[in-house]
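Following: one structure in structure tokens, then a few remarks.
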């Protein structure tokens, strides 16, 4: 009954199954490993942010440009506060609010975006504490410019004057008449009673959409393994049922006389066409 497994058709099916299963297992394990690596990177980044906060602050120019190694490091800069902006739709401790962002004009001619703190509710310039006057020295965690549309950063436009969706040099340079550092700093202590905004892990080290895509691909590859095994058993069962029916005489054998009659009918249909071709003049 199982002799059909030795036919060329089933040899092909079996070879495909034997190759597909380990390949799907390998790809699923690889995607799972990628997800675990991202989890480990996220944990290490969070631990590094905590340890960086205990380090001595270094001058801003020594930490630029911002990389994964310098993101979250303590830095210090001196200058005078200038234009103040509000960054809406920012959540802290599960509560919706906004950042208070003030540009610090430094001796280099560039301005450093400084997040002085967070306030709950909708942005209202009248309720925002004014920035300290005169020369100030700020100390906080260095952060890379944000990318609109990623990591929870809003990409919407049409905001009222005095607001910006993303903290990035590309966005801020259109709002002020001077150059802006391609980085920003969040103060370790909120200014004027505002809540301090904690530093975030550098890009590519958090549990972002890509991490959960890896987890989803893992599930898909292992689901393929189950699908391949299911289809193999389904084909095997159908073949066994067909072989059993043939042994019981439930599958009718082909009738030789019927095949011969069908062949004669096909030959008769072709004969008129052949006769017409022979009677037609040559070259027409």
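The values are calculated or read from the model by the stated rules, or taken from the named source; none is laboratory data. Only a predicted model underlies this, so the values are computations on that prediction, with no experimental measurement involved. Please note: Cβ atoms are built from the backbone with ideal geometry, for glycine as well, and neighbour counts cover all protein chains shown.
Summary table below
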{"read-out": "Leading residue by the ranking (modelled with the highest pLDDT) among those in region 107-128 that are surrounded by fewer than 22 Cβ atoms within 10 Å (Cβ to Cβ) and under 13 Å from residue 176 (Cβ atoms)", "value": "110"}
{"read-out": "Given (1) in contact with a strand residue (DSSP E or B) (Cβ under 6 Å, 6 or more places away or on another chain); (2) part of a loop (DSSP other than H, G, I, E, B), index of the condition residue 90 fails", "value": "(2)"}
{"read-out": "Any hit, region 172-185, residues being without any contact (Cβ under 8 Å) to a residue 60 or more places away in the chain, touching a strand residue (DSSP E or B) at 6+ places or on another chain (Cβ under 7 Å) and loosely packed, with under 13 Cβ neighbours inside 10 Å", "value": "no"}
{"read-out": "Any hit, region 139-153, residues being in contact (Cβ under 8 Å) with a residue 40 or more places away in the chain, surrounded by fewer than 21 Cβ atoms within 10 Å (Cβ to Cβ), over 18 Å from residue 199 (Cβ atoms) and in the same structural domain as residue 76 (by TED's automatic domain parsing)", "value": "no"}
{"read-out": "Residue under evaluation residue 71, criteria (1) modelled with pLDDT under 90; (2) surrounded by 13 or more Cβ atoms within 10 Å (Cβ to Cβ); (3) in a helix (DSSP H, G or I), criterion not met", "value": "(3)"}
